[in-house]
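*Asks:* The structure follows.
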Amino acid sequence: MHPCFTVEGLSFTYPQSISPALENVNLTIEEGAFLLLCGKTGSGKSTLLRMLKREMTPHGTLRGRRLYGDTDIAALDGRVSASKIGYIMQDPDAQLVCDSVAREMAYGLENLGTPSDGIRRTVAETASRLGLAGIFHARTDRLSSGQKQLVALAAVLAMGARVLLLDEPCSMLDPIAAADFLAVLERLHREEGITIIMTDHRLESVLPLCTGAVVLDEGKVIFSGPAKDAPAAIAAAGLEAALPAASRIFLKTGGEGPCPLSVGEGRRYLSRITAGGVLEAQVPNPTSRDFAKPVLQVRDAWFRYHKKDSDVLRGLELSLYSGEVLALLGACGSGKTTALSLMAGLLHPYSGSVKFSCKKNPTAMLPANSGDLFLHDTVRGDLEQAAAHTGRGTEAVEETAAMLGAAHLLKRNPRDLSGGERQKCALCRLLLTDAPVLLLDEPARGLDAPARGELSRILRELARSGKAVLLVTHDVAFAADTADRCGLFFDGKVIVQEDAFSFFTGSTAYTTAARRISAGITAPAFTVDQVTAQLCGRRDR
Amino acid sequence: MKKTDTCHPLPLLLFFVAAVLFSVLYMHPVPALLSLLGAVCFLSLYQPIPLREIPYLIILFLAVSLTNPVFTLRGRTVLFFLLDIPITLESLAAGATNATLLLAALLWCRALFYCLDGDRLLYLFGKRAPKTALILSMTLRFIPMLTRRLREIRTAQQGCGGTGAGKLRSVALYFSALVTCALEDSVTAGASMECRGGDLPGRSFWAPYVFTRRDKGITAVLLLFLAGILALTAAGAGAFRFYPALSGIWDAPLSLPFYCIYGLFMLLPALWEAWAHISYARALSRAFPAGAGK
């Protein structure tokens, strides 16, 4: 096969930075590869991706060679670079340029100077190929995030892209939309032989699709090879928590041979090493809580946005207690965020009630886009204003920030924070309102594995200190790591509400990957640790 | 999908601009009424005027038609005196005609903007100035986005007990956050444009509308009507005198053919829409006769 990209001895240093972002990178990427670049935040994976696109190359000192085919990328003809190498960014909103889907898809072709008839044909073909015919005339601002990413993809494919470079394309999407987007990528790779190079946090869904993986650590390539051999290197780079559950079980049990990546492979591996023997259940003790009086109680709440609309909430019943984390899971558009806004007092039910055990500012809500909480130039500015609002001074800000490990972030500009840092600062903002109930909308969206782990730990600690935490999420794995109790949101109400263990082990479909791998093979368990604990116990005996 | 939407933007522009201009230019009660009739019929078939707006339209009509007699003292037939001002039949008629014209022109303008949405306008003027067209398209995207962002930021702050600042200061904070957000987005959008060859020379413009044979026919019919109306006007039709005394509506030469052609022209879109509606319904019931398939 012809190499698509060749990178030889590439080093790159950002201006005003001492240590290089990339150091002596050597890489050959074959045409038709589906490659994942992974590594911690700041490992240089995004920089490497940007090196492959002439227009995205950042300013700085560059040494070594980077070739597309036989041509140096910097010397690539503008038309070739624009049309053959497509680049998709993380933010679904900002990368779209035009007001309608049709215009957006035509934009690149217009830049290439394609005549009108040619544009019509190509745009129509691309829209049919990606199943966008239904939203072809839609306005781009009316689309969901998943649709926006598909439109961005269609826009570069229409130009004739043979290579797709994607920088965390799914991190702002819900799991269903992300799975759809990945399925499209997989199809483009399989059916049209398009070369795909992407970075992503969600290794659980991405890694099984990839043919190869490159692992970076502090600017150096520590692994480059087939995806099946990557998990050990990824774990070595400090990203074990991001790996697919199957791979984590494999690594933790010291498995040998090819590493399982998907749930199916994981099940085969697990039944092989347990050899059919099922252990007795080890039901963990539910954490003791004060179930005497709920701090928040929703009774038979009905809500609709406009008089003539249909109901969004249909008899919602919910109780939240101090000292617990309750996670509401459910599909997109099931009314989760509406329910949260109702409890935050932003919306009011037309029938039924939302009651709190305390009267004064009972709730604080973390919006899905937590950056919206910060309006000042520094994090400190916003936090001090929030503290002053409840009649406290600077000490309260320092104290709260120190408690969440965000003291060093106070003088930073909120726009420059990473996802995890921003969530920490936003939680500080919430805590400064002194509200006993914290309502969180998709707190883990867009976070990488270490930041998710950290957030999960902070939320559990807050609950232990007496707060009541309610989070709504699509992210089953995050809920499993964080929640004491879980509820399934469906059809405008909470269908099931029980402790996390019963919730996740009671279902084999709507549950974690670890549960799907271990169901029927080991005793009920829903986290990787629970599964491996049983296996290690078995080995000891 | 309305039939009018399938039409090429060029004849649409031709018709609506002519309709608005004619409405304003013919100071004559009969064409004024015909124009209003055409606009009302078309709008009620295309996108009905919301009921709550009708009182305002009536108030506008009454205000314009009743202020004229108060300020114009011309006219021979005095009907009565209002605080020593003679109110004449002629000035009342002129006021009513004026109001009708205004209403008709207003409704035609509204129809124009319903039918020629951003993309169609872009197409009409985009060929000449592809860069301007692109900027227009980007602006059309930006405005709803910023409105949505403002709403999101405000809700986010309210969910956390407010900004903690005064009302005026809060507005300033929202505004500055919005500007920062817009700047950041435009950096990303700029990169995204560059990635897709935004700085390449020789940009073309995609015209998503095809000028079909039917559109040629429509344009030809419209031009014929325009020529007819203008020719009749040149021959003296369509003239009307309000002062000192009202002239009869049949006084001008060639009045009947003028009214017929003018009225038909104004009713064209409504008739086309209605015809499409009926033929569609008939085609459907022919294809699926009642009782069949049970």
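The values are calculated or read from the model by the stated rules, or taken from the named source; none is laboratory data. These numbers were taken from a predicted model, which means no experiment stands behind them. Heads up, the Cβs are rebuilt from the backbone with ideal geometry, glycines too, and the neighbour counts pull from every protein chain shown.
*Asks:* Give the residue, chosen from A:Arg103, A:Arg139, A:Arg79, that is free of Cβ contacts under 8 Å to residues at least 60 places away in the same chain and more than 7 Å from every other protein chain (Cβ to nearest Cβ).
*Replies:* A:Arg139
*Asks:* Can I ask one more? Could you tell me which numbered condition A:Pro92 fails, if it satisfies all but one of (1) over 21 Å from A:Asp167 (Cβ atoms); (2) more than 8 Å from chain B (Cβ to nearest Cβ); (3) surrounded by 21 or more Cβ atoms within 10 Å (Cβ to Cβ)?
*Replies:* (1)
*Asks:* Quick one: in the range A:420-446, of everything that is more than 13 Å from chain B (Cβ to nearest Cβ), closer than 19 Å to A:Thr337 by Cβ and not charged (D, E, K, R), which residue is surrounded by the most Cβ atoms within 10 Å (Cβ to Cβ)?
*Replies:* Across the range A:420-446, the extreme among qualifying residues is A:Gln423.
*Asks:* I've got another one for you. Consider only pairs whose beta carbons are under 7 Å apart and that are at least six residues apart or on different chains; among these, list those whose first residue lies in the range B:234-263 and is free of Cβ contacts under 8 Å to residues at least 12 places away in the same chain and farther than 11 Å from B:Pro31 by Cβ and whose second residue is hydrophobic (A, V, I, L, M, F, W, C) and surrounded by 15 or more Cβ atoms within 10 Å (Cβ to Cβ).
*Replies:* B:Ser247/B:Phe240
*Asks:* Any chance the range A:475-484 includes a residue that's surrounded by 21 or more Cβ atoms within 10 Å (Cβ to Cβ), touching a Cys at 6+ places or on another chain (Cβ under 7 Å) and within 25 Å of A:Arg457 (Cβ to Cβ)?
*Replies:* The answer is yes, given that some residue of the range A:475-484 is surrounded by 21 or more Cβ atoms within 10 Å (Cβ to Cβ), touching a Cys at 6+ places or on another chain (Cβ under 7 Å) and within 25 Å of A:Arg457 (Cβ to Cβ).
*Asks:* Name the residues in the range B:143-170 that are under 36 Å from the mean Cα position of the chain (by Cα), surrounded by 13 or more Cβ atoms within 10 Å (Cβ to Cβ) and of a type in the set (A, V, I, L, M, F, W, C), would you?
*Replies:* Within the range B:143-170, B:Met145, B:Leu146, B:Leu150, B:Ile153 meet the criteria.
*Asks:* Can you find a residue in the range B:249-256 that is away from chain A (no Cβ under 14 Å) and not in a loop (DSSP other than H, G, I, E, B)?
*Replies:* yes
*Asks:* What are the residues in the range A:519-541 that are under 23 Å from A:Arg452 (Cα atoms) and either free of Cβ contacts under 8 Å to residues at least 12 places away in the same chain or not in a loop (DSSP other than H, G, I, E, B) (or both), if any?
*Replies:* Listed by number, the residues that qualify are A:Val528, A:Asp529, A:Gln530, A:Val531, A:Thr532, A:Ala533.
*Asks:* Checking A:Asp382 against (1) in a loop (DSSP other than H, G, I, E, B); (2) touching a Phe, Trp or Tyr at 6+ places or on another chain (Cβ under 7 Å): exactly one of these is not met. Which one?
*Replies:* Failed condition: (1).
*Asks:* Of (1) farther than 18 Å from A:Ala33 by Cβ; (2) of a type outside the set (Val, Ile, Thr); (3) in contact with a Cys (Cβ under 9 Å, 6 or more places away or on another chain); (4) without any contact (Cβ under 8 Å) to a residue 40 or more places away in the chain, A:Ser128 satisfies all except one. Which?
*Replies:* With (1) farther than 18 Å from A:Ala33 by Cβ; (2) of a type outside the set (Val, Ile, Thr); (3) in contact with a Cys (Cβ under 9 Å, 6 or more places away or on another chain); (4) without any contact (Cβ under 8 Å) to a residue 40 or more places away in the chain applied to A:Ser128, the lone miss is (3).
*Asks:* In the range A:321-373, which strands (runs of 3 or more DSSP E) lie fully inside it and hold 1 or more residues that are more than 10 Å from chain B (Cβ to nearest Cβ)?
*Replies:* Passing ranges, in order: A:325-330, A:351-356.
*Asks:* Let me ask something else. Say whether the condition of being in contact with a Lys or Arg (Cβ under 8 Å, 6 or more places away or on another chain), on the phi < 0 side of the Ramachandran plot and part of a helix (DSSP H, G or I) is met by at least one residue in the range A:457-468.
*Replies:* Yes, some residue in the range A:457-468 is in contact with a Lys or Arg (Cβ under 8 Å, 6 or more places away or on another chain), on the phi < 0 side of the Ramachandran plot and part of a helix (DSSP H, G or I).
*Asks:* Would you pick out the residues in the range A:363-381 that are under 20 Å from the mean Cα position of the chain (by Cα) and of a type in the set (Val, Ile, Thr)?
*Replies:* Listed by number, the list is empty, since nothing qualifies.
*Asks:* Among the residues of the range A:376-407, write down those that are within 13 Å of another protein chain (Cβ to nearest Cβ), in contact (Cβ under 8 Å) with a residue 40 or more places away in the chain and closer than 27 Å to B:Cys181 by Cα.
*Replies:* A:Asp382, A:Leu383, A:Ala386, A:Ala387, A:His389
*Asks:* For the range B:35-52, which residues satisfy the criterion of being assigned to a helix (DSSP H, G or I) and surrounded by 10 or more Cβ atoms within 10 Å (Cβ to Cβ)?
*Replies:* Scanning the range B:35-52 gives B:Ser35, B:Leu36, B:Leu37, B:Gly38, B:Ala39, B:Val40, B:Cys41, B:Phe42, B:Leu43, B:Ser44, B:Leu45, B:Tyr46.
*Asks:* Only one of (1) at pLDDT below 85; (2) buried (at least 18 other Cβ atoms within 10 Å of the Cβ) is not met by B:Asp84, so which one is it?
*Replies:* With respect to (1) at pLDDT below 85; (2) buried (at least 18 other Cβ atoms within 10 Å of the Cβ), B:Asp84 is out only on (2).
*Asks:* Need pairs with beta-carbon distance below 8 Å; first residue acidic (Asp, Glu) and within the range A:221-239, second outside any helix (DSSP H, G or I) and at pLDDT 90 or above; sequence gap 6+ or separate chains.
*Replies:* Going by the 8 Å Cβ cut-off, the qualifying pairs are A:Asp229/A:Phe223; A:Asp229/A:Cys259.
*Asks:* Another question, then. Condition check: in contact with a strand residue (DSSP E or B) (Cβ under 6 Å, 6 or more places away or on another chain) and either farther than 15 Å from A:Val496 by Cα or outside any strand (DSSP E or B) (or both). Does A:Ala301 satisfy that?
*Replies:* Spelling it out, A:Ala301 is indeed in contact with a strand residue (DSSP E or B) (Cβ under 6 Å, 6 or more places away or on another chain) and either farther than 15 Å from A:Val496 by Cα or outside any strand (DSSP E or B) (or both).
*Asks:* Sort out which residues of the range A:415-456 are modelled with pLDDT under 90, more than 16 Å from A:Asp475 (Cβ to Cβ) and not in a loop (DSSP other than H, G, I, E, B), and write them in order of number.
*Replies:* A:Arg415, A:Asp416 - these are the residues of the range A:415-456 that are modelled with pLDDT under 90, more than 16 Å from A:Asp475 (Cβ to Cβ) and not in a loop (DSSP other than H, G, I, E, B).
For every residue, the table says whether it meets (1) surrounded by fewer than 16 Cβ atoms within 10 Å (Cβ to Cβ); (2) in a helix (DSSP H, G or I).
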residue	(1), (2)
B:Leu33	no, yes
B:Pro55	yes, yes
B:Val64	no, yes
B:Arg74	yes, no
B:Ala93	no, yes
B:Leu102	no, yes
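*Asks:* Restricting to the range A:108-136, name every residue that is facing another protein chain (nearest Cβ under 8 Å) and either within 29 Å of the chain's Cα centre (by Cα) or polar (S, T, N, Q) (or both).
*Replies:* A:Gly108, A:Asn111, A:Thr114, A:Ser116
*Asks:* Quick check on A:Glu317: is it under 30 Å from A:Leu173 (Cα atoms), modelled with pLDDT of 90 or more and surrounded by fewer than 21 Cβ atoms within 10 Å (Cβ to Cβ)?
*Replies:* yes
*Asks:* Look through the range A:382-419, keep the residues that are buried (at least 20 other Cβ atoms within 10 Å of the Cβ) and of a type in the set (Val, Ile, Thr), and return whichever of them is nearest to the chain's Cα centre (by Cα).
*Replies:* Of everything passing the filter in the range A:382-419, A:Thr400 is nearest to the chain's Cα centre (by Cα).
*Asks:* For a quick check of your reading: which helices (runs of 4 or more DSSP H) sit entirely within the range B:113-212 and have at least 3 residues that are within 7 Å of chain A (Cβ to nearest Cβ)?
*Replies:* B:130-158, B:167-195
Okay, residues lined up against (1) polar (S, T, N, Q); (2) under 16 Å from the mean Cα position of the chain (by Cα); (3) surrounded by fewer than 19 Cβ atoms within 10 Å (Cβ to Cβ); (4) within 22 Å of A:Gln90 (Cα to Cα):
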residue	(1), (2), (3), (4)
A:Phe181	no, yes, no, yes
A:Val184	no, no, yes, yes
A:Arg190	no, no, yes, no
A:Thr199	yes, yes, no, yes
A:Lys220	no, no, yes, no
A:Ala227	no, no, no, no
A:Leu243	no, yes, no, yes
A:Ser262	yes, no, no, no
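*Asks:* Taking B:Pro86 as meeting all but one of (1) assigned to a strand (DSSP E or B); (2) in contact with an Asp or Glu (Cβ under 6 Å, 6 or more places away or on another chain), write down the number of the exception.
*Replies:* Of (1) assigned to a strand (DSSP E or B); (2) in contact with an Asp or Glu (Cβ under 6 Å, 6 or more places away or on another chain), only one is false for B:Pro86: (2).
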